Amino acid sequence: MPITSPRHANDPVLIALGAAIRRSRLARGISQEELAHRSAIDRSYMSSIERGGQNPGIVSVTRIARAMEMTVTELMAEAEL
């Protein structure tokens, strides 16, 4: 299990991003494991991102968006507070 990002874990912005990823993933019928595979991200790290425990970098966010056939802009719009 990955260690949470100590400075930012559970920040409202990360929780919103994680929830947006989860909603988008479920709307597309993609399992968390499959999204992690498509994104080249470890499944436990993906789980932690979805829970708001990680502060993913732009490369990871871009991979996640592309894996769901979305733009980063579309994904971030889903995460608006």
Averaged per residue, what accessible area in Å² does the chain show with a 1.4 Å probe, protein chains only? 60 Å²
So what's the back-of-envelope 222 nm ellipticity for the chain, counting only DSSP H runs of four-plus at -39500 (n - 2.57) apiece and dividing by all residues, rounded to 500? -17500 deg cm²/dmol
Residue-wise HN-Hα coupling along the stretch 26-37, computed from phi with Karplus coefficients 6.51, -1.76, 1.60 (Hz; x: Gly, Pro): 5, 4, 9, x, 9, 6, 4, 4, 5, 4, 4, 4
Of ILE58, SER44, MET70, which is farthest on the positive side of the dipole of the stretch 35-81, counting Cα position, with +1 on Lys and Arg Cβ, -1 on Asp and Glu Cβ, and the Cα centre as origin? SER44
Restricting attention to the alpha-carbon atoms of the stretch 12-79, what are Rg (one decimal) and Dmax (integer), both in Å? 10.1, 26
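The values are calculated or read from the model by the stated rules, or taken from the named source; none is laboratory data. Computed from a predicted structure; not experimentally measured. As a convention, Cβ positions derive from the backbone with ideal geometry for all residues, glycine included, and neighbour counts pool all protein chains shown. Surface accessibility is based on the protein's heavy atoms, side chains included, excluding ligands, DNA and RNA. Shrake-Rupley method; radii C 1.70, N 1.55, O 1.52, S 1.80 Å.
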